[in-house]
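The values are calculated or read from the model by the stated rules, or taken from the named source; none is laboratory data. Owing to the predicted nature of the structure, the values given are computational and were not obtained by experimental measurement. Cβ coordinates were reconstructed from backbone atoms using ideal geometry, including for glycine residues, and neighbour counts include every protein chain displayed.
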Amino acid sequence: MMSLNPQLTPGYLLLFFTAAFILGMSKAGLSGFGLAAVPLMAMIFGARESTGVILPMLIAADIMAVVHYHRSAVWKHILRIIPWVAIGIVIALITGKMINDKQFRIVLLTIVWLMLALMIVNDLRKKEESHVPQNPLFGFSMGLAGGFSTMIGNSAGPVFNLYFLSMKLSKQEFIGTSAWLYLIMNTGKLPLQLLVWKNISLNYLSLGIISIPVIALGIFAGIRIVKLFSESVYRYFVIGTTLLTSVLLFI
């Protein structure tokens with residue numbers, strides 16, 4: 001196992017499997033946790049290389065989540081933003097090497113926190129409907145920002161969490177819709193990273209394979225934990241973890 005990558009000392013191997021477990025939990029509905037795995041992977045493999053390692057792991061976790069939650073997806077919310085997500089991915093693919101990473105993270109964090117503030121204010125007013133989520137500009141901006149950030153550093157979690165929370169989805173719908181969107185998005189990124197960025201190797205695919213049991217364990221744990229949350233508690237759990245883990249964008 002250690003020959004798969006010379007960087008995987010016992011300490012780094014523990015971090016790697018911790019990241020795999022966190023990814024599994026996040027895909028099972030503990031949204032917000034997934035972003036915590038990004039700096040762990042970057043610590044082991046480096047920022048750019050880590051995106052090539054983590055993508056096969058994400059796809060494996062997405063497949064497991066879709067198998068469990070596929071019936072809960074609300075497809076109109078996926079179809080609304082998927083074209084803008086694709087455009088965001090292409091823009092990131094073209095400009096990725098020219099973007100100042102620190103400036104990008106500041107802009108993304110600003111967007112996330114502003115949207116969190118607006119959503120919390122709207123919740124406190126106890127409005128059943130808000131005009132903002134129905135505005136075409138909202139879907140456009142969320143899709144573009146999410147597509148761009150997922151390609152740059154697998155950091156679209158806060159953006160899409162806010163998008164689906166704004167749609168007032170139930171707990172099951174939130175998880176099922178997110179699972180399908182991420183599966184479509186991540187499988188679409190795979191050939192781009194293979195052929196254009198060329199940062200996915202056989203060694204990295206092998207690491208993805210050996211992480212599958214740990215990811216599955218995380219999925220199982222996440223499913224069990226999510227069942228303990230009521231609808232209202234789950235909503236604010238996602239808001240809270242999104243707020244806290246968005247700080248990890250600076251790591």
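A few comments on the model shown:
- Residues of segment 199-237 satisfying the condition of being in contact (Cβ under 8 Å) with a residue 24 or more places away in the chain and of a type in the set (Gly, Ala, Ser): SER201, SER206, GLY208, SER211, ALA216, GLY218, ALA221, GLY222
- Selection over segment 31-59 of residues that are crowded, with 21+ Cβ neighbours inside 10 Å and modelled with pLDDT of 85 or more gives a count of 6.
- Against the numbered list (1) of a type in the set (A, V, I, L, M); (2) more than 12 Å from the chain's Cα centre (by Cα); (3) under 13 Å from LEU23 (Cα atoms), ALA179 comes up short only at (2).
- For segment 189-202, the condition holds for at least one residue, the condition being that it is among the small types (Gly, Ala, Ser), farther than 16 Å from ALA28 by Cα and modelled with pLDDT under 90.
- Of the residues making up segment 60-96, those that are β-branched (Val, Ile, Thr) and either surrounded by fewer than 22 Cβ atoms within 10 Å (Cβ to Cβ) or outside any helix (DSSP H, G or I) (or both) are ILE63, VAL66, VAL67, VAL74, ILE78, ILE82, ILE87, VAL90, ILE91, ILE94, THR95.
- Among the residues of segment 179-226, those that are of a type in the set (Ser, Thr, Tyr), surrounded by fewer than 16 Cβ atoms within 10 Å (Cβ to Cβ) and assigned to a helix (DSSP H, G or I) comprise THR187, SER206.
- SER155 vs. criteria polar (S, T, N, Q) and within 25 Å of PHE16 (Cα to Cα): yes
- Yes/no for GLY240 being exposed (fewer than 15 other Cβ atoms within 10 Å of the Cβ), assigned to a helix (DSSP H, G or I), in contact (Cβ under 8 Å) with a residue 12 or more places away in the chain and of a type outside the set (A, V, I, L, M, F, W, C): yes
- One residue stands out in segment 12-36 among those that are small (Gly, Ala, Ser) and part of a helix (DSSP H, G or I): the one that is nearest to PHE174 (Cα to Cα), namely SER26.
- Taken over segment 148-178, the criterion of being in a helix (DSSP H, G or I) and among the polar types (S, T, N, Q) is satisfied by SER149, THR150, ASN161, SER166, GLN172, THR177, SER178.
- Any hit, segment 143-159, residues being at positive phi, of a type in the set (S, T, N, Q) and touching a helix residue (DSSP H, G or I) at 6+ places or on another chain (Cβ under 6 Å): yes
- Of the listed requirements (1) surrounded by fewer than 20 Cβ atoms within 10 Å (Cβ to Cβ); (2) part of a helix (DSSP H, G or I); (3) aromatic (Phe, Trp, Tyr); (4) more than 19 Å from the chain's Cα centre (by Cα), PHE229 misses just one: (2).
- Applying a threshold of 7 Å to beta carbon distances and a minimum spacing of six or more residues, or different chains, the list of pairs starting in segment 68-85 at a residue that is closer than 24 Å to VAL226 by Cβ and ending at one that is acidic (Asp, Glu) reads SER72/GLU173; VAL74/GLU173.
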